[in-house]
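Here the structure is laid out as structure tokens; the discussion comes afterwards.
The values are calculated or read from the model by the stated rules, or taken from the named source; none is laboratory data. Note that the structure is predicted; figures quoted are calculated from it, not measured. A quick note on method: Cβ atoms are made from the backbone with ideal geometry, for glycine too, and the neighbour counts reach across all protein chains shown. Accessible surface areas use protein heavy atoms only, side chains included; no ligands, DNA or RNA. Shrake-Rupley method; radii C 1.70, N 1.55, O 1.52, S 1.80 Å.
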Amino acid sequence: MIFTILGLIALSSFPFIQGQADPVKVTVFYESLCPYSREFFVDQLAPTYESVGEIMLVETYAYGFETEIARPSGDGYTFSCQHGSDECYGNKLLACGQKYLEDHEVFLDFNFCIMTSDYPPSYGVQCSNQVGLSPDVLIGCANSTEGENLLHDVGVVQGQQDPEVNYVPWIIINDVHGTITEDEARANLKYLVCHTYEGELPEGCNT
Ligand SMILES: *[C@@H]1O[C@H](CO)[C@@H](O)[C@H](O)[C@H]1NC(C)=O
């Protein structure tokens, strides 16, 4: 009983700690070379995360309109992508980065580095260096069946979405996909995140 009362007092003396409200979950399905996906990262996702990332939970899946065929050997897949084979390679860089960067915030830094560059498939070395990941590990993964299997796994997650992903970027807020919310996210993600969050707003929401 004593401990419970002390616990209540302790909790009630810090009514404004962040983490009281759930972060706003932003899930994005995209393609590394899709111009609209890149635009969303450049204009909305990266700057919004920079400003109010502490109230966001961002999940990203680079797959999109891709087809895959399992290799006859039984290991790996060959892919074909909407914007050509470079796009598949860019998507593999992202799938491999996600595996090797276990700190999610560091992975997002890497992801934003890739997606806000002028040509995502070409930035594997530079962006892995930027976050302290060995480029050999990243490129080794992206150029092998390991990267193929990881990209396949991303496709599995995309395939489980209901409603199904039928354009990119496909943006889901707090696990619900709606076209009105998605339009708001594309127009002003920070406004949407700040207005959706139910806790004390961070400084970044004021600007
Ligand atoms: C990895 O694959 C990319 C894309 O196919 C290619 O441009 C690059 O030369 C390969 N790098 C290595 C180290 O094999």
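Just give me the residues in segment 177-206 being farther than 18 Å from GLN44 by Cβ and surrounded by fewer than 13 Cβ atoms within 10 Å (Cβ to Cβ), in sequence order.
Here is the first cut: in segment 177-206, the residues farther than 18 Å from GLN44 by Cβ are 198-201, 203, 206.
Those that are farther than 18 Å from GLN44 by Cβ and surrounded by fewer than 13 Cβ atoms within 10 Å (Cβ to Cβ): GLU198, GLU203, ASN206.
Pairing each residue of segment 132-150 that is at negative phi and among the aliphatic types (A, V, I, L, M) with any residue that is open to solvent by 50 Å² or more (accessible area, probe 1.4 Å) and away from the ligand (no atom under 13 Å from the Cβ), provided the two are 6+ apart or on different chains, yields C-beta distances under 7 Å for LEU133/TYR100; VAL137/TYR100; LEU138/TYR100; LEU150/LYS99.
Of all residues in segment 150-164, those that are outside any loop (DSSP other than H, G, I, E, B) and either more than 15 Å from LYS92 (Cβ to Cβ) or more than 16 Å from the ligand (Cβ to nearest atom) (or both) total 8.
For segment 89-111, the tally of residues that are among the hydroxyl-bearing types (Ser, Thr, Tyr) and surrounded by fewer than 21 Cβ atoms within 10 Å (Cβ to Cβ) stands at 1. Among the residues making up segment 84-111, those that are away from the ligand (no atom under 14 Å from the Cβ) and part of a loop (DSSP other than H, G, I, E, B) are LEU101, GLU102, ASP103.
Scanning segment 60-82 for residues that are without any contact (Cβ under 8 Å) to a residue 60 or more places away in the chain and either within 14 Å of PRO169 (Cβ to Cβ) or of a type in the set (D, E, K, R) (or both) returns THR60, GLN82. For the criterion of being among the hydrophobic types (A, V, I, L, M, F, W, C) and either assigned to a helix (DSSP H, G or I) or free of Cβ contacts under 8 Å to residues at least 60 places away in the same chain (or both), VAL193 passes.
Residues of segment 28-57 that are surrounded by fewer than 19 Cβ atoms within 10 Å (Cβ to Cβ) and touching a strand residue (DSSP E or B) at 6+ places or on another chain (Cβ under 6 Å): LEU57 alone. Failed condition for TYR167, given (1) without any contact (Cβ under 8 Å) to a residue 12 or more places away in the chain; (2) in a helix (DSSP H, G or I); (3) under 26 Å from GLU87 (Cβ atoms), with all others met? If we test TYR167 against (1) without any contact (Cβ under 8 Å) to a residue 12 or more places away in the chain; (2) in a helix (DSSP H, G or I); (3) under 26 Å from GLU87 (Cβ atoms), just (2) comes out false.
Mind listing just one residue for me: the one in segment 58-83 that is within 11 Å of LEU33 (Cα to Cα) and open to solvent by 50 Å² or more (accessible area, probe 1.4 Å) and, of those, nearest to the ligand (Cβ to nearest atom)?
Applying the first criterion (within 11 Å of LEU33 (Cα to Cα)) to segment 58-83 yields 62-64, 81-83.
After this cut, where a residue has to be open to solvent by 50 Å² or more (accessible area, probe 1.4 Å) as well, the list is 82-83.
Values: GLN82: 17, HIS83: 14 Å.
Top of the filtered list is HIS83.
In summary, LEU133 fulfils each of the numbered conditions (1) over 13 Å from ALA62 (Cβ atoms); (2) assigned to a helix (DSSP H, G or I); (3) touching a helix residue (DSSP H, G or I) at 6+ places or on another chain (Cβ under 7 Å) with the single exception of condition (2). Out of segment 117-136, which residues are more than 12 Å from the ligand (Cβ to nearest atom) and in contact with a Phe, Trp or Tyr (Cβ under 8 Å, 6 or more places away or on another chain)? Within segment 117-136, SER117, CYS127, SER128, GLN130, VAL131, LEU133 meet the criteria.
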